[in-house]
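Right, one structure below, let's go through it.
Nothing in this text is a laboratory measurement; each read-out follows from the coordinates by a stated rule. What you see is a predicted model, and the numbers here were worked out from it, not measured in a lab. Here the Cβ is made from the backbone with ideal geometry for all residues, glycine too, and neighbour counts use every protein chain on show.
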Amino acid sequence: MEKEKINEEYSSKGERIIAEILKKYKISFIHNKEIHLIERHKNKNFRRIWYPDFCLQDYDLYIEYIGKTNDLDYMEGVRKKIKTFAENKIKVLYIYFDEIWEQKNSKWYLKKDFEYGLILRIAFNSQ
């Protein structure tokens, strides 16, 4: 099985937090693993290659971090991803910004229960 590169670059702090939790619990993953799928658009099928944030091969599960929830264009892309993954019967665990972060006194902090919640969601979604 492929292993995550030691000096892997993550596109956000949220992705980095997720990766650190997966490593802590010794959950093997591949960051941005290429997958081939069919995207339906206006009654036509198109072959596409996408790169989900995390592939958990041992769990037959992908994780996508949704970080820019206030960006309408970004969220339109997220809706397209959710639809396409579902149509291709690909199990994806979506992690949204407000599941990881909370704001206190104008600063953002990692939610205390996020780590435990993530591990539980992986366990439940892999069944």
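Under the definition of Cα pairs under 8 Å and six or more residues apart, what whole-number percent is the relative contact order of region 40-90? Provide the component values of the computation, followed by the final result.
Values: 23 pairs, mean separation 11.9, N = 51.
About 23 percent, as a whole number.
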For the chain, with +1 on Lys and Arg beta carbons and -1 on Asp and Glu, the positive-most of G77, L93, N105 along the dipole: G77
Relative contact order (%) - criterion: Cα under 8 Å, at least six apart; region: the chain: 19
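First select every other residue whose beta carbon is under 11 angstrom from the beta carbon of L93; then total the charges, Lys and Arg +1, Asp and Glu -1. Numbers along the way, then the final one.
Numbers: positive: K91, R121; negative: D53, E64, E99.
Net of charged neighbours comes to -1.
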Neighbour net charge for G14 - beta-carbon separation under 12 angstrom, K R +1, D E -1: -2
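With a Förster radius of 25 Å, plug the Cβ-Cβ distance of D71 and K107 into 1/(1 + (r/R0)^6) and report the FRET value to the nearest 0.05. Walk me through the numbers before you get to the answer.
Details: r = 21 Å, r/R0 = 0.85.
Computed FRET efficiency for D71 and K107 comes out at 0.70.
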Angle in degrees between helix 72-87 and the longest Cα principal axis of the chain, rounded to the nearest 10: 60
Distance in nm between pseudo-label sites at F97 and K83 (7 Å out along the Cβ direction from Cα): 2.3
